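Read the structure below first, then the notes.
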Amino acid sequence: TLKGKDIIVETSAHPFTFFGEPAVQLIMRDITEQTKAQEKIKKTELLFSELFNSSPMAIVLLDNKGNVDRVNLGFEQMFGFTISELKGKSLNEFIVPPTLEAEGNDLNSVISSDKIVRLETTRLRRDDILLSVIIYGVPVHFEDETIGIFGVYVDITNQKVIEEELKVRNTELD
């Protein structure tokens, strides 16, 4: 700039004739703020992506129809299913035990209706082993519309086993 400040510009050149002589008209537009805003968006996306992917909890992102959009490594390790197997499909088909099918369907509808849900239940791993989990379901909104659902799964299977052992021992002590 005239003040010596560096800016980012978008430039276009257009040839034309000026008083019978060939000339070029240069048009420059300051895009410094736009570029800075794009960099902030990229940084935010990177931070979110890192948090999503590296979380030790199992996290799934469902689209507005309840189908799998993304899962993190924690989800793949907990349940044994990869994103390539789940993408675009209903999660209920894979991890909800047949006896809890209605619960799985109800959970999606409750979350889609703007409520944050915490539910203690069981889910199936790929190898048909039941896991005791706490599910946190959080709707994702954009401009007053639910565009997706985050599901966070916390494995509490070991705690449940310990609780059962304590109940047995307490009964024996009684």
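The values are calculated or read from the model by the stated rules, or taken from the named source; none is laboratory data. On a predicted model such as this, the values are computed, not experimentally measured, just so you know. Areas reflect the complete protein model, heavy atoms only, side chains present, ligands, DNA and RNA absent. Shrake-Rupley method; radii C 1.70, N 1.55, O 1.52, S 1.80 Å.
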Note on the chain: contact order normalised by length, alpha-carbon pairs under 8 Å, 6 or more apart, percent, works out to 16
Amide H neighbours of LEU91 at under 5 Å, excluding residues fewer than 5 places away on the same chain, with H built from the backbone geometry, are VAL68
In whole Hz, the Karplus estimates of ³J(HN,Hα) for region 59-72 (6.51, -1.76, 1.60; θ = phi - 60°; x where Gly or Pro) are 10, 10, 10, 9, 7, 5, 9, x, 9, 5, 9, 8, 9, 9
Taking only C-alpha positions in the chain, Rg and Dmax in angstrom work out to 26.7, 108
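For a test of the definition: using alpha carbon positions, the gyration tensor, and the 1.5 limit on a/c, classify region 43-141 as rounded, prolate or oblate. Before the final figure, lay out each step's value.
Values: a/c = 1.63, a/b = 1.20, b/c = 1.36.
Oblate, because a/c is 1.5 or more while a/b does not exceed b/c.
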Under 5 Å from the placed amide H of VAL9, counting only residues 5+ away or on other chains, we find ILE31
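Tell me the mean residue ellipticity at 222 nm calculated for the chain from its helices only (DSSP H runs of n ≥ 4, each -39500 (n - 2.57), averaged over every residue, nearest 500). Each step should come with its number before you reach the end.
Values: 6 runs with 67 residues, N = 174.
The helix-only estimate for the chain comes to -11500 deg cm²/dmol at 222 nm.
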Any lysines whose Cα falls less than 23 Å from that of LYS87, other than same-chain ones fewer than 8 residues away, would be LYS65
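Return the subset of LYS5/LYS43; LYS3/LYS36; LYS5/LYS40; LYS5/LYS42; LYS89/LYS115; LYS3/LYS43 for which the Cα-Cα distance in this structure is over 28 Å, preserving the input order. Don't jump to the answer; show the numbers that get you there.
Values: LYS5/LYS43 24 Å; LYS3/LYS36 20 Å; LYS5/LYS40 21 Å; LYS5/LYS42 24 Å; LYS89/LYS115 23 Å; LYS3/LYS43 30 Å.
Distance filter (> 28 Å) returns LYS3/LYS43.
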SASA check, HIS14, accessible area w/ 1.4 Å probe, all protein chains in place, rounded to nearest 10 Å², comes out at 80
The rounded separation in angstrom of the Cα centers of region 140-173 and region 1-50 is 52
